[in-house]
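In what follows, a single structure is set out as structure tokens and then discussed.
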Amino acid sequence: MKKPIFTGSGVAIITPFTEDGVNYNKMSELIEMHIALGTDAIIVCGTTGESATMPDEEHKEVIRFTVEKAAGRIPVIAGTGSNDTAHAVELSKYAESVGADGLLIVTPYYNKTTQKGLYAHIKLIADSVKIPIILYNIPSRTGGLGFKIETLKKLAELPNINAIKEATGDLAFVAEIAAETDLNIYAGNDDIIVPVMSLGGKGVISVLANILPKETHDICALFESGELAKSRELFLNHLDLIHKLFIEVNPIPIKTAMNMLGYDAGPLRMPLCDMEDGNKAVLEAALKNMNVGCKLN
């Protein structure tokens, strides 16, 4: 098995926007919160961070700022995937140049390519940098394009293809990856943290951790330390809230929840929009039921 970039809970951190750009003061507070409460890695400019609506200059600055603020206290993994290979290479080289510890590379979307093209796309990115790469397998976001096991086996032979964020929810496929490759595996959905770790997974890249960083860390840490019953209990206790955080497309619910809790996460960027009132009420009830409170000072 390749040495993992991190073990435990990596937060897929939101980007706190204002009407004019990024709220860097709030971003700084969130980074400090995660470090203080035990989050094991920060994944910046991913789906939850609304990277798809971030212009390049802003995307790069958020990566640079996060690396600088983390200052080596916690690994920072930068989302630099694209459906344009040259663009992904450019973003990846930039992230490496400012000190990112790793990259998160999603499969191409819209112009989806074949498995042959997917391998060539990832290999070109990997060859352009020296830092480790986490592959991001989420076909529901990429027009159905996902990694086939034969492609993953070939990619795993590349020295800096380190891991996969598995967000299909297909535990049989997770087992196949574990059996057939030496990739580290991270749960890409919070509702499969313990099942994935039971198959040898190293943790989670988590949406839940935005509001419950300590609890998400503890689910993983308890499992890793062999306290399986406690890990399972904590995981199952949060399962209803996890499901409610996906009652609408991510990151609408998590950002709404953070604003409900006083985190001042800011607005969503169109085409993402405010939650439906009925769903908002369901989410609010779930937060109250779990007695979730704001963790900021």
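Structure above, values below:
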| read-out | value |
| --- | --- |
| Among N259, N160, N111: highest mean-square fluctuation, GNM of the chain, C-alpha pairs under 10 Å | N111 |
| Fewest-first sequence of V76, V98 by Cβ atoms within 10 Å of each Cβ | V98, V76 |
| Rounded if a/c under 1.5, otherwise prolate or oblate - segment 229-274, Cα gyration tensor axes | prolate |
| Quarter of Cα convex hull surface for segment 186-243, i.e. mean projection, nm² | 3.3 |
| Rg/Rg_ref, segment 8-228, where Rg_ref = 2.2 N^0.38 Å and atoms are Cα | 0.95 |
| Share antiparallel - DSSP beta bridges, the chain, percent rounded to 5 | 5 |
| DSSP-assigned coil residues among GluC sites (Glu not before Pro) in segment 1-64, each with at most 16 further Cβ atoms within 10 Å | E19 |
| Violating pairs (Cα-Cα greater than 30 angstrom) within the set K112/K214; K60/K165; K60/K230 | K112/K214; K60/K230 |
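Laboratory data are not the source of any read-out in this text; all were calculated from the coordinates shown. From a predicted model like this one, the values you see are computed outputs, not experimental measurements. Quick reminder, even Gly has a Cβ in these numbers, built from the backbone with ideal geometry, and neighbours come from all protein chains shown.
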